[in-house]
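Below you'll find the structure, written out as structure tokens, and then a few comments.
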Amino acid sequence: MKNTFGNNIAVTIFGESHGPYVGAVIDGLPAGIDVDETIMADHLSKRRPAGATDTPRVEKDEFQIISGVFEGKTSGSPLTVIIPNSNTRSGDYERGLPRPSHADFSAYSKYFGYEDYRGGGHFSGRITAALVAVGGILIPELERKGIKIGTHILNCHGVEDRAFSDIEKDLDGLKSKTFPVLEESVRKKMEDEIIAAREDNDSVGGIIQTAVTGMPAGVGQPWFDSFESELAHAIFSIGGIKGIEFGLGFDFVDKKGSECNDAIRMSRDKVVTVSNNNGGINGGISNGMPIIFNMAVKPTPSIGKEQDSVDLKKGENATLSINGRHDPAIIRRICPVVNSVTAIAVADMLMARYGEEKWHELG
């Protein structure tokens with residue numbers, strides 16, 4: 001089981017949904033980075049369940065940093081953060097009866113039945129709390145270098161928010177929102193869709209959109225370590241993400257080159273593109289424009305309706321109804337997770353480009 005992402009700034013996650021802790025180790029962080037636990041707690045609060053649109057399982061996320069920080073700054077050694085699990089209900093889960101569209105059967109096939117099946121074990125969305133804690137360190141550090149990251153719900157089961165437009169202003173506005181939409185008028189419509197699904201013992205999904213501004217040109221590699229492939233690698237590690245597109249993405253198919261090529265101009269002694277249809281990336285390398293990408297989020301597979309499964313012990317067909325505490329939609333809570341994972345990938349690529357000695361000179 002491999003649980004580490006990154007070559008220069010490497011993040012390893014650990015723990016299970018119903019184990020004593022979830023957590024992360026960050027290796028490769030330069031010494032001297034400010035670590036503000038109040039900011040970390042604020043990031044975790046945006047992921048925490050907050051009402052009728054979310055799971056009833058609410059964890060306090062009272063994290064503890066047990067290595068790598070001294071007097072409020074990174075010390076250069078691996079930084080380890082742990083988050084206790086205190087609100088578990090393992091009796092809601094049954095061994096050998098895999099839930100449709102979950103990792104239950106695939107995990108059973110890989111680990112021969114030795115995996116922790118309670119609450120999805122290591123495959124649970126609970127593990128993303130550790131990623132958000134890491135984001136609470138890296139996102140402010142990137143902001144100090146002029147790089148901002150933000151994600152909003154673009155579409156929730158057919159209810160649409162507008163796309164990013166005045167991106168810097170939009171990102172600043174998202175910082176204070178627990179339900180991340182750009183047009184506040186669509187929030188209640190989205191919430192109503194989620195609650196209606198919950199009342200029908202069902203769930204919904206949608207599309208989220210992320211922007212990264214302030215990224216210098218020249219970051220990334222051609223071919224196998226391209227900016228897109230590194231980001232996609234990280235993003236697809238998040239359960240529930242089933243698609244990603246950069247810039248116009250699949251909308252390129254209906255256009256001609258003359259309609260979607262990004263014209264290049266000079267603006268205040270800086271090279272810019274007039275449009276940004278390629279989402280800030282050419283040839284696998286950042287071009288200095290905002291990085292824009294959309295992700296498809298599937299409906300939460302844990303639903304109350306009766307579903308077909310199999311009894312792995314008996315080797316015969318079975319049915320199940322899931323009675324655990326689950327989100328009727330993860331689309332709100334996944335946004336801070338995507339921000340954090342994006343920050344991990346961006347920080348790793350920046351370190352590859354500039355190295356530890358020049359890290360503090362960025363920005």
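The values are calculated or read from the model by the stated rules, or taken from the named source; none is laboratory data. Here the structure is a predicted model, which means the values were calculated and not measured. Because the Cβ atoms are built from the backbone with ideal geometry, glycine has one as well, and the counts that use them run over all protein chains shown.
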Item to complete: Name every residue in the range 152-188 that is surrounded by fewer than 16 Cβ atoms within 10 Å (Cβ to Cβ) and either of a type in the set (Val, Ile, Thr) or assigned to a helix (DSSP H, G or I) (or both), in order of residue number.
Response: Glu168, Lys169, Asp172, Thr178, Glu184, Ser185, Lys188
Worksheet item: Is it the case that some residue within the range 233-248 is farther than 30 Å from Glu62 by Cα and over 19 Å from the mean Cα position of the chain (by Cα)?
Response: yes
Worksheet, complete the sentence: By residue number, the members of the range 2-57 that are polar (S, T, N, Q), over 20 Å from Val338 (Cβ atoms) and free of Cβ contacts under 8 Å to residues at least 24 places away in the same chain are Thr38
Worksheet item: Quick one: in the range 287-308, which of the residues that are within 29 Å of the chain's Cα centre (by Cα) and over 30 Å from Asn276 (Cβ atoms) is modelled with the highest pLDDT?
Response: Pro299
Worksheet item: What number of residues in the range 141-150 are touching a residue at least 12 places away in the same chain (Cβ under 8 Å), surrounded by fewer than 24 Cβ atoms within 10 Å (Cβ to Cβ) and either within 15 Å of Thr213 (Cβ to Cβ) or of a type in the set (A, V, I, L, M, F, W, C) (or both)?
Response: 6
Worksheet item: Counting just the residues of the range 223-261 that are surrounded by 15 or more Cβ atoms within 10 Å (Cβ to Cβ) and without any contact (Cβ under 8 Å) to a residue 24 or more places away in the chain, which one comes out nearest to Ser124 (Cα to Cα)?
Response: Ala232
Worksheet item: Taking strands (runs of 3 or more DSSP E) that fall entirely within the range 244-361, which contain at least 2 residues that are closer than 30 Å to Asn87 by Cα and in contact with a strand residue (DSSP E or B) (Cβ under 6 Å, 6 or more places away or on another chain)?
Response: 291-297, 307-311, 316-320
Discussion item. Being assigned to a helix (DSSP H, G or I), among the β-branched types (Val, Ile, Thr) and under 14 Å from the mean Cα position of the chain (by Cα): is that true of Ile149 here?
Written reply: no
Practice prompt. Scan the range 263-314 residue by residue and report those that are farther than 22 Å from Val219 by Cα and either touching a Cys at 6+ places or on another chain (Cβ under 6 Å) or among the small types (Gly, Ala, Ser) (or both).
Written response: Ala296, Ser302, Gly304, Ser309
Fill in: Which listed residue, of Asp54, Asp27, Asp36, is under 20 Å from the mean Cα position of the chain (by Cα) and within 22 Å of Lys177 (Cβ to Cβ)
Asp54
Response to the item:
In the range 193-206, residues that are in a helix (DSSP H, G or I) and either loosely packed, with under 14 Cβ neighbours inside 10 Å or of a type in the set (Ser, Thr, Tyr) (or both) total 2
Item to complete: Please find, within the range 78-104, the residue that is farthest from Ser309 (Cα to Cα) out of those that are in a loop (DSSP other than H, G, I, E, B) and of a type in the set (A, V, I, L, M, F, W, C).
Response: Ala103
Worksheet item: Mind checking whether some residue in the range 47-65 is within 15 Å of Pro140 (Cβ to Cβ) and either of a type in the set (S, T, N, Q) or touching a Pro at 6+ places or on another chain (Cβ under 6 Å) (or both)?
Response: no
Item to complete: Take the residues in the range 105-132 that are assigned to a helix (DSSP H, G or I) and closer than 16 Å to Ser86 by Cβ, then tell me which one is farthest from the chain's Cα centre (by Cα).
Response: Arg118
Fill in: Close pairs (7 angstrom Cβ cut-off, 6 or more residues apart or separate chains): more than 14 Å from Asn323 (Cα to Cα) and of a type in the set (Asp, Glu) in the range 188-201, modelled with pLDDT under 95 and outside any helix (DSSP H, G or I) anywhere
Glu191/Thr53
Worksheet item: When only residues in the range 26-64 that are in contact with a Leu (Cβ under 7 Å, 6 or more places away or on another chain) and of a type in the set (A, V, I, L, M) count, which is nearest to Arg89 (Cα to Cα)?
Response: Ile26
Fill in: Selected residue [at pLDDT 95 or above, touching a Gly at 6+ places or on another chain (Cβ under 8 Å), within 17 Å of Asp225 (Cβ to Cβ) and not acidic (Asp, Glu)] from Ala352, Ala345
Ala345
Worksheet item: Are any residues in the range 142-159 among the hydrophobic types (A, V, I, L, M, F, W, C) and closer than 20 Å to Ser203 by Cβ, and if so, which ones?
Response: Ile153, Leu154, Cys156, Val159
